[in-house]
Amino acid sequence: MTTTPEQAQFDALIAADGRIEPRDWMPEAYRKTLVRQISQHAHSEIIGMQPEANWISRAPSLKRKAILMAKVQDEAGHGLYLYSAAQTLGTPRDEMTEALIAGKAKYSSIFNYPTPTWADMGAIGWLVDGAAICNQVPLCRASYGPYGRAMVRICKEESFHQRQGFEILLTLMQGTDEQRRMAQDAVDRWYWPALQMFGPPDDQSPNSAQSMAWNIKRFTNDELRQRFVGMLVPQAEVLGVTLPDPKLRWNDETQQYDMSEIDWTEFFEVLAGRGPMNAERLRRRREAHEDGAWVREAAAEYARKRAQITEQ
Ligand code: ACO
């Protein structure tokens with residue numbers, strides 16, 4: 001097959017670790033991969049508002065409530081930047097939303113777990129947002145400009161989210177026996193699902209090789225998972241919580257942590273829509289979409305009237 005001049009220019013930009021912008025020619029498969037990853041990421045942020053919104057009205061103090069509200073609003077903002085980045089690739093936001101509410105689009109497995117106690121807010125911040133930072137900091141260097149730039153701000157906000165989660169757990173761990181048990185229980189429930197956020201093991205990850213060749217992903221799923229566990233171990237010591245893996249220990253030979261086998265059956269069940277909260281998350285998202293119909297209609301009508309005025 002002969003290489004077209006456009007393809008050659010694209011290849012050269014990628015080889016030079018340059019940035020592809022919306023105006024540039026790009027292979028259809030590159031565009032499709034980006035729409036897939038960015039829209040899934042946007043959906044994750046939007047669905048990810050639900051497990052924590054569950055605690056806004058029950059936060060233990062006014063200060064905690066204000067912080068939690070700000071965090072959930074940040075997540076809405078992240079979803080919006082990401083939908084905008086995906087739109088620069090030619091896919092309308094309505095189309096992405098329709099796919100989500102029809103149950104055809106993926107979003108992160110992690111948001112299909114319940115949040116029964118206040119300590120879950122701590123564990124989500126520490127483990128889920130911690131995993132998100134680990135996965136997303138390298139995405140700030142993604143070859144597609146609008147995605148990489150959106151990730152810079154998102155990562156700054158995620159760092160604040162991670163610290164507030166750590167601080168919630170630290171406060172609980174310095175509290176009563178019951179509070180300490182609650183914190184440990186939340187860590188026990190979120191640890192494995194957080195490790196699954198990085199995606200399937202490298203030998204079962206169909207997209208990694210191509211996404212790395214295109215400088216979208218910079219590290220493999222397993223590399224990032226290892227890096228994350230390495231970050232958690234000293235932090236767990238400071239908190240005084242136990243990471244729920246009896247096989248977790250540093251291996252001098254491999255220079256990484258040995259750990260137990262992850263339950264991939266559970267992961268694939270959640271991806272297939274059969275996790276503990278999948279149905280509830282989608283039901284709530286559909287309901288919110290329907291409740292917001294009047295806002296979309298009003299905005300469209302306002303835009304139509306403005307256009308009429310400027311035409312006159
Ligand atoms: N939850 C749901 N689906 C997942 C997950 C997960 N934790 N991990 C992998 N998958 C899906 C992939 O989307 C892919 O499905 P598809 O081909 O139908 O689109 C399939 O499993 C196979 O996985 P990979 O080949 O490894 O896919 P990919 O190269 O896209 O890597 C990853 C997956 C690491 C999640 C990548 O897409 C990514 O880095 N995305 C951006 C970060 C992100 O979306 N984070 C969301 C949660 S963080 C937050 O919102 C706070």
- Keeping to segment 58-82, report how many residues are over 15 Å from Arg153 (Cβ atoms) and not polar (S, T, N, Q). 12
- Task: Return the only residue of Gln164, Gln184, Gln196 being open to solvent by less than 60 Å² (accessible area, probe 1.4 Å) and farther than 21 Å from Asp245 by Cα.
- Result: Gln164
- Check Leu239 against each of (1) away from the ligand (no atom under 16 Å from the Cβ); (2) open to solvent by 30 Å² or more (accessible area, probe 1.4 Å); (3) not β-branched (Val, Ile, Thr) and name the one condition it does not meet. (2)
- Kindly establish whether Phe111 is within 14 Å of the ligand (Cβ to nearest atom), assigned to a helix (DSSP H, G or I) and within 26 Å of Arg180 (Cβ to Cβ). no
- Query: Do any helices (runs of 4 or more DSSP H) lying entirely in segment 5-86 carry at least 3 residues that are touching a helix residue (DSSP H, G or I) at 6+ places or on another chain (Cβ under 9 Å), and which ones are they?
  - Reply: 28-47, 49-53
- Take the residues of segment 272-312 that are in contact (Cβ under 8 Å) with a residue 24 or more places away in the chain and within 16 Å of the ligand (Cβ to nearest atom): which is most open to solvent (accessible area, probe 1.4 Å)? Pro276
- Message: Residues to consider are Glu223, Glu269, Glu261; find the one that is within 16 Å of the ligand (Cβ to nearest atom), open to solvent by 60 Å² or more (accessible area, probe 1.4 Å) and closer than 26 Å to Thr115 by Cα.
- Response: Glu269
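Does segment 116-139 hold any residues that are more than 12 Å from the ligand (Cβ to nearest atom) and open to solvent by 10 Å² or more (accessible area, probe 1.4 Å), and which are they? Can you show your working first?
First, the residues of segment 116-139 that are more than 12 Å from the ligand (Cβ to nearest atom): 116-123, 126.
The answer is Pro116, Thr117, Trp118.
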- Within segment 53-66, is there a residue that is open to solvent by less than 30 Å² (accessible area, probe 1.4 Å) and within 14 Å of the chain's Cα centre (by Cα)? no
- Item | Members of segment 122-164 found to be farther than 30 Å from Ala15 by Cα and over 16 Å from the mean Cα position of the chain (by Cα), listed by number | Gly122, Arg163, Gln164
- Would you please name the residue that is farthest from the ligand (Cβ to nearest atom), looking only at residues in segment 140-153 that are buried (at least 22 other Cβ atoms within 10 Å of the Cβ) and assigned to a helix (DSSP H, G or I)? Pro146
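The values are calculated or read from the model by the stated rules, or taken from the named source; none is laboratory data. All values derive from a computational prediction rather than experimental measurement. Methodologically, a virtual Cβ is constructed for each residue, glycine included, from the backbone with ideal geometry; neighbour enumeration extends over all protein chains shown. Accessible surface is based on the protein model in full, side chains and every heavy atom, while ligands, DNA and RNA are left aside. Shrake-Rupley method; radii C 1.70, N 1.55, O 1.52, S 1.80 Å.
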